[in-house]
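First comes the structure, then the notes that go with it.
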Ligand code: BGC
């Protein structure tokens with residue numbers, strides 16, 4: 001067997017068949033039910049205490065959108081009639097690129113982190129008005145009401161100490177009081193998937209699923225049929241933690257060497273934080289097996305997390321006959337390549353990106369089947385995040401997978417890029433909870 005054949009064989013497990021995707025969707029649906037009926041599963045199914053908006057919510061609000069090490073502040077004017085306007089926005093980092101501060105590590109506390117966030121709000125307020133605030137907090141939380149959320153666990157890159165198990169809104173309120181910002185009043189705390197769904201549903205009542213395919217991954221949906229809840233409401237699935245998946249040896253390696261082995265297994269196969277790393281692990285393993293390049297150059301691919309999902313996209317965008325873009329990238333790392341090496345690099349990239357989309361599609365099909373088993377209604381899946389927006393092949397494969405598995409029923413399902421939905425949704429949630 002020649003190298004390219006051996007390589008193609010190893011990558012075969014990355015392409016899921018229609019029946020595998022259908023089985024996975026069914027397994028996901030059962031996991032949703034398992035958690036809802038109390039028997040338990042890897043999905044968290046967390047209540048948000050918010051239902052779909054009417055599109056008539058109004059007012060001026062501040063949003064704090066905390067999804068990772070980048071935080072966004074927004075002033076949003078909800079005008080009713082399904083219209084809104086962002087009147088001011090600003091982004092800041094929890095980690096200074098010049099290393100002057102870093103609020104994401106274990107050596108800082110939650111109080112210090114929120115004191116820093118509150119210190120950035122000054123430009124968004126004055127003394128003469130009251131500012132109702134919506135807070136997007138994109139981590140798994142247990143909510144007791146729409147404005148109370150206990151952090152279950154940090155995910156993604158945040159490790160700030162002393163926050164897990166605490167009521168995030170209390171920590172935020174204490175930081176506001178410490179600065180005498182009595183005029184800023186937190187009204188709601190939501191997950192970013194909920195924000196994305198609220199934003200899309202403010203515009204169109206057919207939106208009933210919200211999803212983030214970015215650094216992290218997660219999906220929420222409108223639950224109207226569950227005995228555990230008296231009222232219909234949005235449920236944050238925390239689907240990134242789904243763990244009944246067709247793992248490859250590379251997925252297991254990535255997980256084993258991560259900070260959180262055994263956790264967020266789906267996220268580790270589809271999240272922007274991990275796509276580049278998965279690609280790197282595959283390349284390194286093929287190099288070790290002498291299937292790629294010259295094994296003496298092994299060190300180059302041994303540094304964890306040095307490849308981003310953007311780099312995977314750049315590889316996939318190289319359509320030149322000799323794959324010169326990929327060649328130049330490899331040369332910049334002192335790696336000499338043959339055309340067949342570069343073809344392999346492209347194949348690894350495309351398999352990684354396409355499998356991610358297939359897995360996410362399977363979860364969407366599971367959710368759609370749960371909320372509308374007869375496929376009688378229109379559904380809009382609101383999606384935001386860098387992977388959906390920018391990872392080459394991802395959005396197209398997602399759509400194609402829905403079409404292939406759902407057949408005729410796929411015409412009822414629209415995927416809608418809902419940019420900035422997480423922050424705007426916090427404002428909509430604040431209006432609903434005021
Ligand atoms: C978090 C989710 C979040 C997702 C997307 C995951 O790591 O657990 O709560 O919705 O990232 O930001």
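Please indicate, with yes or no, whether at least one residue in the range 171-193 is part of a loop (DSSP other than H, G, I, E, B), more than 16 Å from the ligand (Cβ to nearest atom) and under 21 Å from residue 55 (Cβ atoms).
Restricting attention to the range 171-193, the residues satisfying the condition of being part of a loop (DSSP other than H, G, I, E, B) are 179-183, 191.
Filter once more, keeping what is more than 16 Å from the ligand (Cβ to nearest atom): 179-183.
Subset that is under 21 Å from residue 55 (Cβ atoms): none.
Checked the range 171-193: no residue is part of a loop (DSSP other than H, G, I, E, B), more than 16 Å from the ligand (Cβ to nearest atom) and under 21 Å from residue 55 (Cβ atoms).
Residues being buried (at least 24 other Cβ atoms within 10 Å of the Cβ) and more than 16 Å from the ligand (Cβ to nearest atom): count how many of those fall in the range 194-204. Break it down stepwise before answering.
Initial filter on the range 194-204 (buried (at least 24 other Cβ atoms within 10 Å of the Cβ)): 194-202.
Imposing the further condition that a residue be more than 16 Å from the ligand (Cβ to nearest atom) reduces the set to 201-202.
Counting residues in the range 194-204 that are buried (at least 24 other Cβ atoms within 10 Å of the Cβ) and more than 16 Å from the ligand (Cβ to nearest atom) gives 2.
Which one is farthest from the chain's Cα centre (by Cα), of the residues in the range 147-158 that are within 13 Å of the ligand (Cβ to nearest atom) and not in a strand (DSSP E or B)?
By that ranking, first place goes to 152.
For residue 49, only one of the following conditions fails: (1) over 22 Å from residue 147 (Cα atoms); (2) out of contact with any helix residue (DSSP H, G or I) (no Cβ under 9 Å at 6 or more places or on another chain). What is its number?
Only one criterion is unmet by residue 49, namely (1).
Does the range 175-182 contain any residue that is touching a strand residue (DSSP E or B) at 6+ places or on another chain (Cβ under 6 Å) and more than 19 Å from residue 366 (Cα to Cα)?
Initial filter on the range 175-182 (touching a strand residue (DSSP E or B) at 6+ places or on another chain (Cβ under 6 Å)): 176.
Okay, now just the ones that are also more than 19 Å from residue 366 (Cα to Cα), so 176.
Yes.
Looking for something buried (at least 23 other Cβ atoms within 10 Å of the Cβ), away from the ligand (no atom under 16 Å from the Cβ) and not in a helix (DSSP H, G or I) - is there at least one such residue anywhere in the range 116-134? Spell out how you get there, then give the answer.
Let us first name the residues in the range 116-134 that are buried (at least 23 other Cβ atoms within 10 Å of the Cβ), namely 133-134.
Those left that are additionally away from the ligand (no atom under 16 Å from the Cβ): 133.
Filter once more, so that each one left must be not in a helix (DSSP H, G or I): 133.
Yes, there is a match, as at least one residue in the range 116-134 is buried (at least 23 other Cβ atoms within 10 Å of the Cβ), away from the ligand (no atom under 16 Å from the Cβ) and not in a helix (DSSP H, G or I).
Out of 68, 38, I need the residue that is assigned to a loop (DSSP other than H, G, I, E, B), surrounded by 14 or more Cβ atoms within 10 Å (Cβ to Cβ) and at pLDDT below 95. Which one?
Working: 38 fails: surrounded by 14 or more Cβ atoms within 10 Å (Cβ to Cβ).
When all the criteria are applied, what remains is 68.
Please determine whether any residue of the range 380-387 is within 30 Å of residue 327 (Cα to Cα) and touching a strand residue (DSSP E or B) at 6+ places or on another chain (Cβ under 7 Å). Working first, answer last.
Start the filter on the range 380-387 by keeping residues that are within 30 Å of residue 327 (Cα to Cα), which leaves 385-387.
With the extra rule that they be touching a strand residue (DSSP E or B) at 6+ places or on another chain (Cβ under 7 Å), the set shrinks to 385, 387.
Yes, there is a match, as at least one residue in the range 380-387 is within 30 Å of residue 327 (Cα to Cα) and touching a strand residue (DSSP E or B) at 6+ places or on another chain (Cβ under 7 Å).
Looking at 429, 425 in this structure, which one is assigned to a helix (DSSP H, G or I) and within 22 Å of residue 240 (Cα to Cα)? First the steps, then the outcome.
Numbers: 429 fails: within 22 Å of residue 240 (Cα to Cα).
The unique qualifying residue is 425.
Looking at the structure I just gave you, is residue 223 within 21 Å of residue 416 (Cβ to Cβ), modelled with pLDDT of 95 or more, touching a helix residue (DSSP H, G or I) at 6+ places or on another chain (Cβ under 9 Å) and more than 11 Å from the ligand (Cβ to nearest atom)?
Values: within 21 Å of residue 416 (Cβ to Cβ): yes; modelled with pLDDT of 95 or more: yes; touching a helix residue (DSSP H, G or I) at 6+ places or on another chain (Cβ under 9 Å): yes; more than 11 Å from the ligand (Cβ to nearest atom): yes.
So residue 223 fits the description; yes.
Given (1) free of Cβ contacts under 8 Å to residues at least 40 places away in the same chain; (2) buried (at least 17 other Cβ atoms within 10 Å of the Cβ); (3) under 13 Å from the mean Cα position of the chain (by Cα), identify the lone condition not met by residue 395.
It is condition (3) that residue 395 fails.
Of all the residues that make up the range 77-93, how many are in a loop (DSSP other than H, G, I, E, B) and in contact (Cβ under 8 Å) with a residue 60 or more places away in the chain? Don't jump to the end; show me each part of the working.
First, the residues of the range 77-93 that are in a loop (DSSP other than H, G, I, E, B): 81-82.
Among the residues that remain, those that are also in contact (Cβ under 8 Å) with a residue 60 or more places away in the chain are: 82.
The qualifying residues number 1.
The values are calculated or read from the model by the stated rules, or taken from the named source; none is laboratory data. Everything quoted here is computed from the prediction, not taken from an experiment. All Cβ positions, even for glycine, are placed from backbone atoms using ideal geometry, and neighbour counts span all protein chains on display.
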